[in-house]
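Reviewing the structure listed below.
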Amino acid sequence: MKPNQPMAETAPASSGRRRFLQTGAALTGGLLLEIGGAGIRIAQAAPIGDSTAGRFAPNAWVRLAPDGQIFLVCHKFDSGTGVKNALGMLLADELDADWSRVRIIQPDDPLAEVYIQKLWGMHATGGSTSVSWQWEPLRRAGATARAMLVSEAARRWSVDPATCRTANSEVLHAPSGRRFNYGELATGAARQPVPQQVTLKRPDQFVLIGKPRRSYRVVEKLTGRAQYAIDVQLPGMLTAIVVHPPVVNAKVKSFNAAEVKALPGVHDVFALEIPEVIAHFRRDHAPSRVANGACQPGVAIVADQFWNAQRARKVLKVEWEQCELANFNSDDVIAEMKRHVDDPGKQSNRKGDARGAFAQAAKVVDAVYTMPYKAHAQMEPLSIVAWVKPDSVEYWGGVQVPSRCAQASETIAGVSRDKVLIHLTEAGGSFGAREGLHQILEVTAISKRVCKPVKLLYSREDDIRGTFYQSASVHKARVALDSAGRVTGFSLRAVVPSIKEPDDPGFLAKFPVDPSCTESMHEDFHYDMPALDLAWVRHEPGFPVWWWRAVSFVPNVFAIESAVDEAAYAAGQDPIAYRSAMLASRPELRAVLERAAKLAQWAPHTRRQTQHGAQHGMGVAIYNGYQSFIAMIAEVEVKDGTIAVRKVTCVVDCGVAVDPGSVHQQLAGGIHWGVSTALMNAVHIEHGQVRESNFHDYPVLRINEAPVVQIELMPPTDRKPGGIGELSNPAVVPAIGNAIFAATGKRLRATPFALA
């Protein structure tokens, strides 16, 4: 394997953490380190169970094998984000390891207590936190292992460790020219004391960190060798689909079971009824009634293969009961939300005297911005495999939130979460979709009934109509200006339903403001303004909603950056200079803004019309999120009422970009996602039924429609890595909207943008 080839690969199910500890260390020797919040220690042969209060609690394991291979056992989920490459590079750089010998192994017990994501109280990967949170622990583990290897080499040579150096998985003694590879030293190094203090590299000493590496398992993905849930094959396994009600929550009244069961290849067909009370994702919380749509009724068709199940679906005739959501219409919801834009709501950020600022303003900019329901539309539709046994449950698939398997196992199978095994496969994108509970509840119920392993597959239509969307939203922004055009006060009302409360009942009793609805509206609001009045207006239309890529940053940044742009034009000032003047406390944000303007060759109030009648304009948007800073400039062309995005310039300060290749890919993906959001994405719900069903009526950006994308990362600093996976798409929508105004003089305040 060449040094720049991908190092991270999904291990077989038998290579999980417990088996890794039992066979990898005890039987074959080598150096095995446990990494925990309290430090690093040599792994003990026993006990191998989870640590409890008062004991060392490891959450990752590093093993140097006698054959020179280096393994990192890490529970983080990778849906194409490149997080595994980055985590491996953190370890390998401080270890001075041969990159081609490093492997990342997924644990087979990702529900171990030590893997809980403390921010959410659940086992999960998300929020663009994985690399930033592991920045120091994994580097420290690498440096610790390197120091122990050097100590062992120095002992064998009877030399001062200070005369030794490391490179490419070798310890070298320069004065004598002697060398050992890490594999030769690993077992002896395990007998060396674990140093309590190690010195980490300075950024200028990095060999791997910050250098481009080929994306995680790209060869396997391009050649079809990578395994997804759809590829899993188990003895006696059946395939299932679930026909959901056209109106959310409608129950099954009757269906032609006998006719469908008689079809070739069909093993069973039955009404799927999921309990409304679900085990909580927190072990110490009682089961609760969730309101996130996870308990949808349906009819399960179980067959020997997917196409037999799909053919049976065409024969299936279901009569559904009436449901209260039969009169639900998304356009009516948005209209109702608009009637609440002046409600006081729950304050998320207050500063100064906003009421006085508006009373004394020389001019007030006042606008309402709306966004529709939106689907995830990830490349790989939802799929998962489950095998319910008498005393255990196993899952295979791209499971982003292992806690969902715990909830399903305890609720449906009556099997405690410590008897759950999860084998993570590849996943073709998530954007929030794979955080869901409904598909795991369903596959568990089906497997329990048929007493066999079951592969549950969603078609694209099932996925688009899966009832889990980013909510429609309505925002009202008001900007108070003085006689010189300066902002003296800013008000924002975000009218949206809670995302957190339906999934975690009782959350809002403890935290009145849902953080999933108010990103960029707390202390992370990015402008210096004398007075702020930011609030969340909770409005519950009753339709299930879910997390979506960048969650509330998307509608909130759309409203904030559009309103600030409107204020700049109302003040007769350049939108970039106007923003820059309000960023004294955000120097990193000001720097990316100014750099983006230079790269894009920004010209104040750019508006031009070509000889072919096309209008061109540039628009800008900025914000800070996930401990990163971003500026986006969009260039649009408008001709005959059609909007085309020709170029997007993106400048980011994300601290240290551990894996620049993955960073660029995530930023570019988010930009294209944002263009789709701005110009195309909308889910329409009429009489409780989702109108869209596939990419023909829920379009996403095609290659021929994609703009030229120019991405630049600011020079790395000592600041640890910020988040990237969700960073870029929120700024794209307002940048495009602002560019349309620059080109046409028409201000569009609702997505998807349309000039008709």
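The values are calculated or read from the model by the stated rules, or taken from the named source; none is laboratory data. Note that the structure is predicted; figures quoted are calculated from it, not measured. As a convention, Cβ positions derive from the backbone with ideal geometry for all residues, glycine included, and neighbour counts pool all protein chains shown.
Find the residue count for segment 77-107, including only residues that are part of a loop (DSSP other than H, G, I, E, B), crowded, with 23+ Cβ neighbours inside 10 Å and in contact with a helix residue (DSSP H, G or I) (Cβ under 7 Å, 6 or more places away or on another chain).
5
Of all residues in segment 513-529, how many are in contact with a Phe, Trp or Tyr (Cβ under 9 Å, 6 or more places away or on another chain) and either in contact (Cβ under 8 Å) with a residue 40 or more places away in the chain or assigned by TED's automatic domain parsing to the domain that holds R434 (or both)?
So the count comes out to 10.
Take the residues in segment 633-657 that are part of a loop (DSSP other than H, G, I, E, B) and of a type outside the set (A, V, I, L, M, F, W, C); name whichever of them is nearest to A621 (Cα to Cα).
Of everything passing the filter in segment 633-657, G655 is nearest to A621 (Cα to Cα).
Anything in segment 539-558 that is modelled with pLDDT of 95 or more and surrounded by fewer than 20 Cβ atoms within 10 Å (Cβ to Cβ)? List them, or say none.
E540
With respect to the numbered conditions (1) out of contact with any Lys or Arg (no Cβ under 7 Å at 6 or more places or on another chain); (2) farther than 30 Å from N327 by Cα; (3) surrounded by fewer than 24 Cβ atoms within 10 Å (Cβ to Cβ), which one is the sole condition not fulfilled by L534?
Condition (3) is where L534 drops out.
How about segment 503-523: which of its residues are part of a loop (DSSP other than H, G, I, E, B) and out of contact with any helix residue (DSSP H, G or I) (no Cβ under 9 Å at 6 or more places or on another chain)?
Within segment 503-523, D504, P505, G506, P512, V513, H522, E523 meet the criteria.
Restricting segment 488-502 to residues that are outside any strand (DSSP E or B) and in contact with a helix residue (DSSP H, G or I) (Cβ under 9 Å, 6 or more places away or on another chain), which is farthest from A584 (Cα to Cα)?
For segment 488-502, the residue satisfying everything is E501.
Select from segment 220-255 the residues that are exposed (fewer than 14 other Cβ atoms within 10 Å of the Cβ) and not basic (K, R) and list them in ascending order.
Of everything in segment 220-255, those that are exposed (fewer than 14 other Cβ atoms within 10 Å of the Cβ) and not basic (K, R) turn out to be L222, T223, G224, Q233, P235, G236, S254.
Counting only residues that are assigned to a helix (DSSP H, G or I) and of a type in the set (S, T, Y), how many does segment 456-480 have?
Qualifying residue count for the region: 0.
Among the residues of segment 512-536, which ones are under 17 Å from I630 (Cβ atoms) and of a type in the set (S, T, N, Q)?
Result: S520, single match.
Quick check on segment 211-236: of everything there that is at pLDDT 90 or above and more than 22 Å from the chain's Cα centre (by Cα), which residue is farthest from W135 (Cα to Cα)?
The selected residue is G236.
Taking the condition farther than 15 Å from A742 by Cα and either assigned to a strand (DSSP E or B) or of a type in the set (D, E, K, R) (or both), does I630 pass?
Judged against the criteria, I630 is a match.
So which residues in segment 713-756 are part of a strand (DSSP E or B) and under 22 Å from the mean Cα position of the chain (by Cα), if there are any at all?
The answer is L713, and nothing else.
Could you check segment 146-170 and list, in sequence order, the residues that are over 42 Å from the mean Cα position of the chain (by Cα) and either of a type in the set (A, V, I, L, M) or surrounded by fewer than 21 Cβ atoms within 10 Å (Cβ to Cβ) (or both)?
A153, A154, R155, R156, W157, S158, V159, D160, P161, A162, T163
Which of the following residues is closer than 27 Å to V401 by Cβ, among the β-branched types (V, I, T) and more than 27 Å from the chain's Cα centre (by Cα): V269, V302, V318?
None of the others qualify; the one that does is V302.
Out of (1) under 30 Å from K201 (Cα atoms); (2) surrounded by fewer than 20 Cβ atoms within 10 Å (Cβ to Cβ); (3) of a type in the set (S, T, Y), the odd one out for S693 is which?
Every condition holds for S693 apart from (1).
Report those strands (runs of 3 or more DSSP E) wholly inside segment 159-264 carrying at least 3 residues which are touching a residue at least 12 places away in the same chain (Cβ under 8 Å) and assigned by TED's automatic domain parsing to the domain that holds N292.
238-243, 252-255
Only one of V658, V648 is modelled with pLDDT under 95 and either crowded, with 24+ Cβ neighbours inside 10 Å or farther than 16 Å from P734 by Cβ (or both); which?
V658
Could you check how many residues of segment 387-409 are of a type in the set (K, R) and part of a loop (DSSP other than H, G, I, E, B)?
Residues that pass the stated criteria total 1.
Can you go through I671, I643, I685 and tell me which one is hydrophobic (A, V, I, L, M, F, W, C), crowded, with 19+ Cβ neighbours inside 10 Å and under 24 Å from the mean Cα position of the chain (by Cα)?
Among I671, I643, I685, only I671 is hydrophobic (A, V, I, L, M, F, W, C), crowded, with 19+ Cβ neighbours inside 10 Å and under 24 Å from the mean Cα position of the chain (by Cα).
Please identify the pairs in which a residue from segment 62-74 that is surrounded by fewer than 24 Cβ atoms within 10 Å (Cβ to Cβ) has its Cβ atom under 8 Å from the Cβ atom of a residue that is of a type in the set (S, T, Y), counting only partners at least 6 apart or on another chain.
The qualifying pairs are A65/T28; P66/T28; P66/T187; G68/S169; G68/Y182.
When you scan segment 129-145, do you find a residue that is touching a residue at least 12 places away in the same chain (Cβ under 8 Å), within 23 Å of the chain's Cα centre (by Cα) and assigned to a loop (DSSP other than H, G, I, E, B), even just one?
yes
Mind counting the residues in segment 437-455 that are outside any helix (DSSP H, G or I) and surrounded by 24 or more Cβ atoms within 10 Å (Cβ to Cβ)?
Selection size over segment 437-455: 3.
Being touching a helix residue (DSSP H, G or I) at 6+ places or on another chain (Cβ under 8 Å), modelled with pLDDT of 95 or more and more than 20 Å from E519 (Cα to Cα) is the filter here; which residues of segment 715-742 pass it?
I736, G737, N738, F741, listed by residue number.
Just for helices (runs of 4 or more DSSP H) wholly inside segment 540-627: which have at least 3 residues that are in contact (Cβ under 8 Å) with a residue 40 or more places away in the chain and of a type in the set (G, A, S)?
553-570, 587-600
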